Amino acid sequence: MMKRIGLLCALMALGACASTQRTLSYSAGWPDADVMVGQQRYQIWFHQRDQTVLVQRGDPRPLGQMLAQNLTIYAADRSPGILTWGAAANAVLNPLGCYATEVTGADQMREIAYQCAQPVDMPAAVAAHREQWRRGVHAPAPTPPTQ
């Protein structure tokens, strides 16, 4: 119980930061999808109202634990390139007829906006796929563009 209170206090202290407030607008429970891009593991949460997903690096955990992990375990870890974050989001978006459009964030967490070619009832689509996605989705690591 004390750990949860401590984590909550730490998150509230960070609450003045707009990106933290945005992160806390996502459901605090378990991720909607567990995605492997090459050898990198990501967790994905769909936003309840906006056309965005939150992508965090690491093993499946509730959102609060993932935030703490990213501030500790992965704090000094080098972040993968933007193509890898987009590939993680697209692994679940593409089968729904959607695609990532903009990646924002830093460290081991990104928020990714998406668009869909046709209207999608995203809450229903996520609910229909969540259990399958939680068992694991695999995507190849992106190939960096040549110059």
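Just so you know, all these numbers are worked out from the coordinates, no wet-lab data involved. Note that the structure is predicted; figures quoted are calculated from it, not measured. Counting neighbours? That spans all protein chains shown, and the Cβs are built from the backbone with ideal geometry, glycine included.
Here is how the numbers come out for the structure above:
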{"quantity": "In sequence order, calculated HN-Hα J values of region 92-100 (Karplus, 6.51, -1.76, 1.60; Hz; x Gly/Pro)", "calculated": "9, 6, 4, x, 8, x, 10, 8, 5"}
{"quantity": "For Trp45, net neighbour charge (Lys/Arg +1, Asp/Glu -1) across residues whose Cβ lies under 14 Å away", "calculated": "+3"}
{"quantity": "Cβ-Cβ FRET estimate between Gln39 and Gln132, R0 fixed at 35 Å, reported to 0.05", "calculated": "0.95"}
{"quantity": "Distance between modelled label sites at Ala117 and Leu83, nm, 7 Å Cα→Cβ extension", "calculated": "2.3"}
{"quantity": "Under 5 Å, built H, 5+ apart or other chain: amide partners of Val137", "calculated": "Asp34, Val35, Met36"}
{"quantity": "Inter-label distance for Thr143 and Gln21, nm, one decimal - labels placed 7 Å from Cα along Cα-to-Cβ", "calculated": "4.4"}
